[in-house]
Structure formats: structure tokens, C-alpha cells
Amino acid sequence: MIEIDAGFLSKFIGRYSLGKDSGNDSSHFLRIKIPGGRLDSKTLREIAGLSEEFGRGYAEITDRQDVQLHWIDPDMALEIFERMYGLGLRTDLCGQAFRETCHGDVRNVVCCPLMGKIGPDFSWLAREINEFFSGNPEYIVLPHKFKIAITACGEDCVKIFANDLSLVWYEDGFVPFVGGGMGASMPGIRFAEKLGIKIPPEGTFEFVKAVIDIHKEFSNTESKAKARFKYLVHTWGIERLRRELERRLGRFEEAELDTPGIGVEHISGIQHDGKNYFTLPVLGGVLDSERLRLIASLSEEYGGGEIRFTTWQNLVFVDVDDVEGLKDELSTYFNLKVPYRAVGCASDFCGKTIVHSKQILSSVAEEMGDLSFAVSGCVNGCACHPLADVGLVGKIKKGKQLYDLFVRGRLVKKDINVDEIPRLLKYLEEGVYEVKA
Amino acid sequence: MKLKLEKVGEKYVLDARDLTCPFPLAMTKLALKEVDDLEVIVNNPPSARDIPAILGKQGYLVDVERENGLWKIRIRKESP
């Protein structure tokens, strides 16, 4: 037996990983967690530097408010992790490549991007959850990944129905929604349901922990297809889950909340303090290191140097005095007319498509008008296509790229050829599928 | 943290199961500073893809055997 000192790896293992790419000449991606989607201009510049040095200058905002880089050389990963460690940044643990269960972690906690600006600020809760669960040895071996969203603006800007646990602020507490998931794993596409209770803010962290403990203890560990929390909620039902939570935490206050409308993006407006916010639309979330630096500089020049990402792959400038000046400067470098609610997954890198999600998005998004649009490259549903007014999900049959069409969560047409997609959208405008903006 | 290399016959064995990328690769490289004949056991498909590809390019002799959901990657330094 030989023993080798590998102590320097200890601070990285369980906190950092690379994900698997299989397309576009990339073999690994790096998904940088941005809790609540909030970061400062200095950190954004550092991320731009990582993108430039290690990721061919490419960077993408994900629909979980992360930043994702590609073309990462695994031989350089420890150097990247060291830089991230110094910045207090962590990654998702990309354990989805394992064929077994129990490689799941708590993913980036998404928040309303305007917390504290147009509603109460619970970003502390996102940070507390992130601090406790990221890299915690007890919680990086969950049956499968676990996704959390928090919103306090009264609208669904965080894709409430797609998360394992969404916390929706209502009057003086959080109303939890549970068991959402847009991928094909069992029981298939499932919209998160209300638990019918309300949690006071001071008890929310313990509530979140109890839900995740239940996932850890009771979700299926034999089959990866059944290991998501949505399958447990589906098989148990809401009442049994609520009873188990009450057994651990005591009785909850009953609460009825009208189900929020699906799929909002905050575009521009006035904050509580009279300053303004403005959201830059970024089609498919695709950026580069140069524009990340520009965004950092403009956030300092026009606001307080803070940037917030959205679940529609856009970014928000907050605390802005001169919105028109900001828009003028941005218009030199960005197309401000691209739609705000248009999401495409990273299928150009994962290798599951021939005609990629972002290609489809770019080719038709500007024709979508006020309709929201999401393109997932495969049944894993990474773009949450069932939550959009118009959703497409890709498949390859006999070497040919096809897409299925969803309208507001309902499958309306299967096996569409790529060249038919513009025509289908024309049908939608004409009301063939009864979609109204 | 200590890496343990167990001697089994001619080779040393490094168990890198349940580790995400890039740690099986990083540990393999550390181990190869100490031994010339190594078998790495992984269950992470990207690591099973990367380790043979990267070390093969660096001149090591690499053989991969798949067994019950695991990959056993035998890595030897080429004779001079």
C-alpha cells in the first residue's frame, strides 16, 4: 500500500465539478453557481477572465441564473477551481452522468431578480441555503438533484412550477409549491403543486431542510428514472407529504393562494426607492467575455455595480438613474429588440441535437411577438418548454432532427421537421392552436 | 486527505469511484508520479472517457475494461 498526500484537493471535492459536453468540440462545461442570480461587477469581470482564459471567451446565462462556460480543459480545472474558491464561487456538482442514483446535490437557488427592489428581499435565504447545502457531505449524495426557487414579487418570474420546491411570498409568509419537473424522468412532465400551507420567514430554512431530508430519506434510490422528488410527491400525494412535514416541524398555518400566471419577466420599471431597473434581453443567454466586461462597466456607470440574472437567460441592471442613457449605450453592442421570454438550452454542446435549440430560437424568436418561447433539445426539458406559450422539444429519429410542439404545456403536434417550424408559428398566429398572447 | 494505492499483483489499484470530473483524472496523475503500473477504477462515464484519451496522448499505454457498470483503466508507462 502506498499513501499519497492529496490534501490540496480536499477543498474542491464535493464543491466543484465539470459537466460533460459531447458537442461543438467541447468535452466539459463549468456551471458557476450565482445564488439568487445576483453578483457584483468585480465578480462578473473575474468570470469574464475565466471565460477568456479557459473557455474561448464564451459565456452563457442559464435558466437557473448560473453562468456556464464550455471548452474547459480538465487538466486546467484545478487552477480554475482555485480562482473560483478565492472569489467564493462554487459549481453545481454535475453528477448526472453517473448511471446510479445518489449523486444529487441542491442546485443553484433561483430568486426573483428584483428582490429588495420591487418586493421584500429574501436573497439572504438563497445564500443561507446555498452555504449550507453546497459541498455539505450529507447533502451531495441525494437520490437525485434538487431545485429550489424563491419569489416575493407576486408573479411567476422564477418558473415556480418547474422546481422541486418553490417558495412564493404571500402577505407574511411563504406558500410552498412542491414536486415540479419538466423532464421525462418518471412520472414525466409535472407541474409543482401547492401544499396549502404558509411558512413564516424565520422558519423557512428549517422547512427547506425538512423537505430535502424527506427527499433524501424517501425518494427512490434504486432507479434513476424514479429518483427525482417529483416522483415521490406523485406517489405519496400532497397530503402524505404534508403529514410527514408536520410530524417533523409541527402544524402549519393553512393558506390559500391563487395559482400565479405562468412565465413572467420583469422588463423595466421603478423600484421602491424611486430608482429604475432595466432588463437586457439576451437571446439564449449567449454572451462573451468582452460583453461581460462591458456589462460590468455599465452597471457601475449607470447603477451601483450590481447585476442580476433572470431565469429567462437575461440580465437586469438595478439602481439605474438614467435608463435612456443606459439603453443608448447598450444598443451599440446588443440587439434590444430580441424577445425577453425566449429560452434555448445548451444542446449545441451536449450533443443531443443536429439542429440545435439556439439555432431554432434565433431563427424564429423575433417572430413570436408577445408569446413566450422555449426550445429544449431533448426530453430532459432543460429549457422548460412546457412552461412557455410555445415550446419545442427535440428528438432524433433515423438520423433526422425533429421537434414536438407544445402549446401552454399541451402537446399539440409531434415529429415536426425543422423547416416546418416557421410555418407552424404562422399557424399559431392565426389561432390554429388557440394560443393567445 | 490521502490517496491509497493498493498493490495487487504487478499493479497498484486506485479506487476513484463516485467522484465527479475532474477528480479521478487529477488523482490518477498524482498516482502516476509514484507508480509505473496503475489500475484506476471509476464509475463516472466522463472520467472513463477522459482518462484513457488524455493519458494515451501523453504516451502511456492504456487498456480499458468495463465490468458491472465500472471501468477498470490500466495505465502503464511505456518502456524506454
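The values are calculated or read from the model by the stated rules, or taken from the named source; none is laboratory data. Worth saying up front: this structure is predicted, and the values here are computed from it rather than measured. Note: ideal-geometry Cβ built from the backbone for every residue, glycine included; neighbour counts use all protein chains shown. Protein only, heavy atoms only, side chains kept; ligands, DNA and RNA dropped before computing areas. Shrake-Rupley method; radii C 1.70, N 1.55, O 1.52, S 1.80 Å.
Data for the structure
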item: Under Karplus coefficients 6.51, -1.76 and 1.60, residue-wise ³J(HN,Hα) of region A:78-89 in Hz, glycine/proline x; result: 5, 5, 5, 4, 4, 5, 5, 4, x, 8, x, 9
item: Residue-averaged 222 nm ellipticity for chain A, from DSSP H runs of 4+ at -39500 (n - 2.57), nearest 500; result: -8000 deg cm²/dmol
item: Cα centre as origin, Lys/Arg/Asp/Glu Cβ charges: the protein assembly as shown dipole, Debye; result: 1720
item: Inter-chain Cβ neighbour average for residues B:13-25, partner chain, 10 Å; result: 6
item: Sparse-neighbour loop sites [GluC sites (Glu not before Pro); region B:40-80; at most 16 other C-beta within 10 Å; DSSP]; result: B:E78
item: Rounded if a/c under 1.5, otherwise prolate or oblate - region A:342-426, Cα gyration tensor axes; result: rounded
item: For region B:5-77: rounded, prolate or oblate by the Cα gyration tensor [a/c cutoff 1.5]; result: rounded
item: Whether region A:261-300 is rounded, prolate or oblate, judged on the alpha carbon gyration tensor where a/c under 1.5 counts as rounded; result: oblate
item: Sequence-distant aspartates and glutamates (8 or more away, or on other chains) whose Cα lies within less than 13 Å of A:K426; result: A:E366, A:E367, A:E434
item: Contact order normalised by residue count of region A:1-60, Cα under 8 Å, 6+ apart, percent; result: 15
item: Förster radius 51 Å - calculated FRET efficiency between A:L411 and A:D322 (Cβ-Cβ, nearest 0.05); result: 0.65
item: Region A:268-331 - percent of accessible surface contributed by carbon and sulfur, probe 1.4 Å; result: 42
item: Along principal axes, Cα extents of region A:23-66, largest first, whole Å; result: 31, 21, 10
item: Highest average packing first - A:351-363, A:3-15, A:102-114, Cβ atoms within 10 Å; result: A:102-114, A:351-363, A:3-15
item: Farthest positive-ward along region A:1-127 dipole, Cα basis, beta-carbon charges - from A:S10, A:V106, A:G23; result: A:V106
item: Region A:300-317 - phi-based ³J(HN,Hα) in whole Hz, Karplus 6.51/-1.76/1.60, Gly and Pro as x; result: 6, 5, 9, x, x, x, 10, 10, 10, 8, 10, 7, 9, 6, 9, 9, 10, 8
item: Cβ neighbours within 10 Å from other chains - mean over B:41-48; result: 4
item: Projected area averaged over orientations for the protein assembly as shown, convex hull of C-alpha atoms, nm²; result: 25.4
item: Residue-count net charge about A:D213 - beta-carbon cut-off 11 Å; Lys, Arg +1, Asp, Glu -1; result: -1
item: Loop trypsin sites (Lys or Arg not before Pro), region A:175-272, which have at most 10 other Cβ atoms in a 10 Å radius of their Cβ (DSSP); result: A:R251
item: Accessible-area value, A:C382, 1.4 Å probe, nucleic acids and ligands omitted, Å²; result: 80
item: Mean ellipticity per residue at 222 nm, deg cm²/dmol - from DSSP H runs of n ≥ 4 across chain B, formula -39500 (n - 2.57); result: -9000 deg cm²/dmol
